Amino acid sequence: VPGNPTSVGNGAYTLAVTSSGNNLYVVNSTDSTLQGFSINTSTGQLTNRGTVSVGSVPGSVTITPSGNFAYVTNHGDNNISGFSIGSNGHLTPLAGSPFANGNLPPGGLAIEPTGKYAYTLNLEGGTFLNAFSINATTGMLTLLSSAPYSSSTALGRISVDPSGKYLMLADGFGLEWWPINLGTGAISLGGTVASREYSLSLSFSTGKAPVVYQPKFLYVLNANTSPSVMSISQYSINPTTGLVTQLSGSPLGMSSFPNQLAIDPFGRFVYVSGGTFNNGTISAFTVNPVTGVLLPAPVPTYNLGGYADGIVEDPTGRFLYASVGPDFVAGYSIDSVTGTLTPVPGSPFSAGGNAVAIATGLAMDPLGRFLYADNTNSNAQGTGNVAAFQINPSTGALTLLSGDFAENYPIAMVVDPYGQILFNVDEI
């Protein structure tokens, strides 16, 4: 764009554009100013229209959907500066500005699409939300309740979805949604899902069609020693009723005793741990995306050496982990086309047990950051433990973090969908 780069004030932090596309505003945090620019809608070039003073440590600027008003959160003063926006982009302080924020330091402000309500995110020994009504004529903010809404999660980003039904918060390790009462502006906690840590921004697409998950295929391991049964039953799933229909060629016979099964998150591959006590294996299969029938992968079998039990794949579909007794976890990278496994650097990884401990169950948090492994000792009750690993997001390598007591004979585990609680099963 002609004129790049355009100079701004000290500590330029956030910016916003009016709905007309004619004006841009930048918060200069160090200078405690809001700087305005006009936008040439043909070239995109910016023309500086000067600055206005705001409060201490300003953190964000938000413009109403109408483009008539702008609000700046002043973290250092616990208030909000409000301005009317003239036809030429000129800023004029609103009557009553700055507006009190309930004696909390605002970090971010979001306005729902009708422009009737505004919400501030405040971090002060916790996460708190304030709700305001917006006077459509004067732009004045009125606090709806003297008691702020409290969140139990460390959150730092705030936005409202395009439909105006939900206030969305992100950061820490979670994403929260708060349904908005469109009549009163009040909010209530709707729920939390896990997200990557240290989120720096939050935005939405304007699409209205939700992503709908359609279950298609189901695979069940069959394992018995007497009589000998070693196979995988394969089924298609009716997405409406949940009823299953056995696929042609099911069950699929296996040459080694199967223990546990991992399905690729993209439905491409299936991996089965098994084998004998001293000769553990991973069997690899590709999934026919139309029929669901399993076929041996280009490399159908991998020898692990020790006893193979738990097996899990990370949510990105890049890494696979299998427990290998005694006391080890093997890690592999996955070829996205063939499903071929390649050991990750440093594999196998010690689970911090001992020579008589057996690594059994495995579990991973929903974001693929941490892996957990059971260590069991059938010879000595009360000596089981759980090992925690951090997963290198680039290489898949594991770093042992800690271990903890896990009763007698821990054998299987699962992490809850929010990534906060690990549940373990003790066989004895």
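Residues that are among the aromatic types (Phe, Trp, Tyr), modelled with pLDDT of 90 or more and open to solvent by 20 Å² or more (accessible area, probe 1.4 Å) within segment 370-407 comprise Phe370, Tyr372, listed in sequence order. Note on segment 34-53: residues that are farther than 18 Å from Ser97 by Cβ and of a type in the set (Val, Ile, Thr) amount to 4.
Across segment 267-314, the number of residues qualifying as among the acidic types (Asp, Glu) and either farther than 27 Å from Pro366 by Cβ or in a strand (DSSP E or B) (or both) comes to 2. Just to be sure before I move on: is Ser233 outside any strand (DSSP E or B), under 27 Å from Ile411 (Cα atoms) and open to solvent by less than 60 Å² (accessible area, probe 1.4 Å) in the structure I sent? Here the answer is no, as Ser233 does not meet what is asked.
Take the conditions (1) within 22 Å of the chain's Cα centre (by Cα); (2) over 29 Å from Ser38 (Cβ atoms); (3) open to solvent by less than 20 Å² (accessible area, probe 1.4 Å); Ala110 misses just one of them, which is (2).
Among Leu15, Leu24, which is the only one that is part of a strand (DSSP E or B), open to solvent by 70 Å² or more (accessible area, probe 1.4 Å) and under 23 Å from Arg157 (Cβ atoms)? Quick ask: steps written out before the conclusion?
Details: Leu24 fails: open to solvent by 70 Å² or more (accessible area, probe 1.4 Å).
One residue alone meets the criteria, Leu15.
Taking every residue in segment 158-177 that is without any contact (Cβ under 8 Å) to a residue 60 or more places away in the chain and pairing it with any residue that is open to solvent by 30 Å² or more (accessible area, probe 1.4 Å) and of a type in the set (Asp, Glu), at least 6 positions away or on another chain, the pairs with Cβ-Cβ distances below 7 Å are Gly172/Glu197.
Restricting attention to segment 141-162, does a residue exist that is of a type in the set (Val, Ile, Thr), over 30 Å from Asp365 (Cβ atoms) and either modelled with pLDDT under 80 or part of a loop (DSSP other than H, G, I, E, B) (or both)?
We begin by selecting, within segment 141-162, every residue of a type in the set (Val, Ile, Thr); these are 142, 153, 158, 160.
Then drop every residue that is not over 30 Å from Asp365 (Cβ atoms), which leaves 142.
When the remaining residues are screened for being either modelled with pLDDT under 80 or part of a loop (DSSP other than H, G, I, E, B) (or both), the result is none.
The answer is no, given that none of the residues of segment 141-162 is of a type in the set (Val, Ile, Thr), over 30 Å from Asp365 (Cβ atoms) and either modelled with pLDDT under 80 or part of a loop (DSSP other than H, G, I, E, B) (or both).
Each residue in segment 174-190 was checked for being under 18 Å from the mean Cα position of the chain (by Cα) and crowded, with 19+ Cβ neighbours inside 10 Å, and 4 of them qualify. Taking the stated definitions as given, is Pro258 more than 27 Å from the chain's Cα centre (by Cα) and under 24 Å from Ser228 (Cβ atoms)? So Pro258 fits the description; yes. Taking the listed residues Thr62, Thr51, the one that is under 30 Å from Ala147 (Cα atoms) and of a type in the set (S, T, N, Q) is Thr62, with no other qualifying. Scanning segment 263-280 for residues that are open to solvent by 10 Å² or more (accessible area, probe 1.4 Å), touching a strand residue (DSSP E or B) at 6+ places or on another chain (Cβ under 7 Å) and among the β-branched types (Val, Ile, Thr) yields a total of 1.
Residues in segment 128-173 that are hydrophobic (A, V, I, L, M, F, W, C), open to solvent by 60 Å² or more (accessible area, probe 1.4 Å) and under 23 Å from the mean Cα position of the chain (by Cα): Ala154, Phe173. Residue count for segment 266-284 under the criterion of being under 13 Å from Ser255 (Cβ atoms) and without any contact (Cβ under 8 Å) to a residue 40 or more places away in the chain: the result is 5.
If only one of Thr30, Thr51, Thr47 is open to solvent by 60 Å² or more (accessible area, probe 1.4 Å), free of Cβ contacts under 8 Å to residues at least 24 places away in the same chain, of a type in the set (Ser, Thr, Tyr) and not in a loop (DSSP other than H, G, I, E, B), which one is it? Give the steps one after another, and end with the answer.
On the way: Thr30 fails: not in a loop (DSSP other than H, G, I, E, B); Thr51 fails: free of Cβ contacts under 8 Å to residues at least 24 places away in the same chain.
Sole residue among the options that is open to solvent by 60 Å² or more (accessible area, probe 1.4 Å), free of Cβ contacts under 8 Å to residues at least 24 places away in the same chain, of a type in the set (Ser, Thr, Tyr) and not in a loop (DSSP other than H, G, I, E, B): Thr47.
Could you grab me the full set of residues in segment 304-361 that are in contact with a Lys or Arg (Cβ under 8 Å, 6 or more places away or on another chain) and among the hydroxyl-bearing types (Ser, Thr, Tyr)?
Result: Ser333, Ser336.
Across segment 281-314, the qualifying residues are those that are more than 16 Å from Phe257 (Cα to Cα) and of a type in the set (Val, Ile, Thr), and the one among them that is most open to solvent (accessible area, probe 1.4 Å) is Val290.
Among the residues of segment 94-137, which ones are β-branched (Val, Ile, Thr), assigned to a strand (DSSP E or B) and at pLDDT 90 or above?
Filtering segment 94-137 for residues β-branched (Val, Ile, Thr) gives 111, 114, 120, 127, 134, 137.
Okay, now just the ones that are also assigned to a strand (DSSP E or B), so 111, 120, 127, 134.
Within segment 94-137, Ile111, Thr120, Ile134 meet the criteria.
Of all residues in segment 54-73, those that are open to solvent by less than 10 Å² (accessible area, probe 1.4 Å) and either free of Cβ contacts under 8 Å to residues at least 40 places away in the same chain or over 35 Å from the mean Cα position of the chain (by Cα) (or both) total 0.
Using the structure shown, decide if Ser250 is under 21 Å from Asp264 (Cα atoms), surrounded by 12 or more Cβ atoms within 10 Å (Cβ to Cβ) and modelled with pLDDT of 95 or more. Reasoning before the result, please.
Details: under 21 Å from Asp264 (Cα atoms): yes; surrounded by 12 or more Cβ atoms within 10 Å (Cβ to Cβ): yes; modelled with pLDDT of 95 or more: no.
Against the criterion (under 21 Å from Asp264 (Cα atoms), surrounded by 12 or more Cβ atoms within 10 Å (Cβ to Cβ) and modelled with pLDDT of 95 or more), Ser250 does not qualify.
Being without any contact (Cβ under 8 Å) to a residue 12 or more places away in the chain and part of a strand (DSSP E or B) is the filter here; which residues of segment 74-87 pass it? Give the derivation first.
Just the residues of segment 74-87 that are without any contact (Cβ under 8 Å) to a residue 12 or more places away in the chain, to begin with: 86-87.
Correct list: empty.
Filtering segment 203-218 to residues that are closer than 16 Å to Val287 by Cβ and either touching a Ser or Thr at 6+ places or on another chain (Cβ under 7 Å) or open to solvent by 80 Å² or more (accessible area, probe 1.4 Å) (or both) leaves Gln214, Lys216, Phe217.
The values are calculated or read from the model by the stated rules, or taken from the named source; none is laboratory data. None of these values were measured; they are calculated from a predicted model. Every residue, glycine among them, receives a Cβ derived from its backbone with ideal geometry; neighbour counts consider all protein chains shown. Areas reflect the complete protein model, heavy atoms only, side chains present, ligands, DNA and RNA absent. Shrake-Rupley method; radii C 1.70, N 1.55, O 1.52, S 1.80 Å.
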